[in-house]
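Chemist: So that we are looking at the same thing, I have put the structure below in structure tokens.
The values are calculated or read from the model by the stated rules, or taken from the named source; none is laboratory data. Just so we're clear, the structure is a prediction, and the values are computed from it rather than from any experiment. As a convention, Cβ positions derive from the backbone with ideal geometry for all residues, glycine included, and neighbour counts pool all protein chains shown.
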């Protein structure tokens, strides 16, 4: 089953368990009911900003649509145990480096961003973000100011400021990214 369909069905299940209609959720999110229906049926891939607004309206985190909660938390997480948090539109693969971020103070990610991939629009949330670019380059727009982070450079910023990110280069970008607290 394509990941967009799985995410859509999780959004629909969460909406229904909250007793919300499609129209009510769409109003909270600031989108049309038709667009939200397309997301729920896996026909469109939302941006990170749109998915963030949906999660907030459902009193959830983006990762809640990708990860199973309540699993045993290993001290060592092998690459084959990582959970992929990604949708086609992002042109990026984001793996959680912990099996269950609930009750944690931070949430680390291993991210591979293809050329031109990224969040595609600004979003904001509580917390702070830190990362290091292991390969390529990352452009972060923070509160309207663009910052280019190159290989072996790190970044740190307040996530409550509107931000977005993209790979402006011609090769993939690899980033280890940490969000604190886990609000993604």
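Chemist: Please tell me if residue 128 is touching a residue at least 40 places away in the same chain (Cβ under 8 Å), surrounded by fewer than 18 Cβ atoms within 10 Å (Cβ to Cβ) and out of contact with any helix residue (DSSP H, G or I) (no Cβ under 9 Å at 6 or more places or on another chain).
Modeler: Here the answer is yes, as residue 128 does meet what is asked.
Chemist: Has the stretch 47-59 got any residue that is more than 19 Å from residue 118 (Cβ to Cβ), surrounded by fewer than 16 Cβ atoms within 10 Å (Cβ to Cβ) and either in contact with a strand residue (DSSP E or B) (Cβ under 6 Å, 6 or more places away or on another chain) or in contact (Cβ under 8 Å) with a residue 40 or more places away in the chain (or both)?
Modeler: yes
Chemist: Okay, next question. Somewhere in the stretch 144-164, is a residue in contact with a helix residue (DSSP H, G or I) (Cβ under 9 Å, 6 or more places away or on another chain) and surrounded by 15 or more Cβ atoms within 10 Å (Cβ to Cβ)?
Modeler: So far as the stretch 144-164 goes, yes, one or more of its residues are in contact with a helix residue (DSSP H, G or I) (Cβ under 9 Å, 6 or more places away or on another chain) and surrounded by 15 or more Cβ atoms within 10 Å (Cβ to Cβ).
Chemist: Modelled with pLDDT under 95, out of contact with any strand residue (DSSP E or B) (no Cβ under 6 Å at 6 or more places or on another chain) and surrounded by fewer than 17 Cβ atoms within 10 Å (Cβ to Cβ): which single residue out of 88, 64, 100 fits that description?
Modeler: 88
Here's the yes/no breakdown for (1) under 15 Å from the mean Cα position of the chain (by Cα); (2) closer than 22 Å to residue 8 by Cβ:
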| site | (1), (2) |
| --- | --- |
| 47 | yes, yes |
| 63 | yes, yes |
| 68 | no, yes |
| 74 | no, no |
| 81 | no, no |
| 90 | yes, yes |
| 106 | yes, no |
| 116 | no, no |
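Chemist: Which of the residues spanning the stretch 5-57 are closer than 16 Å to residue 123 by Cα and not in a helix (DSSP H, G or I)?
Modeler: The initial filter retains those residues of the stretch 5-57 that are closer than 16 Å to residue 123 by Cα, namely 28-31, 46-57.
Within the stretch 5-57, 30, 31, 46, 47 meet the criteria.
Chemist: Provide a single number: the residues in the stretch 98-113 that are without any contact (Cβ under 8 Å) to a residue 40 or more places away in the chain and closer than 20 Å to residue 132 by Cα.
Modeler: Of the residues in that region, 1 qualify.
Chemist: Here are the criteria: (1) within 18 Å of residue 184 (Cα to Cα); (2) modelled with pLDDT of 90 or more. Tell me which single one residue 45 does not satisfy.
Modeler: (2) is the only condition that residue 45 fails.
Chemist: Do you know which residues across the stretch 111-121 are buried (at least 17 other Cβ atoms within 10 Å of the Cβ) and at pLDDT 95 or above?
Modeler: Answer for the stretch 111-121, where residues must be buried (at least 17 other Cβ atoms within 10 Å of the Cβ) and at pLDDT 95 or above: 111, 112, 113, 117, 118.
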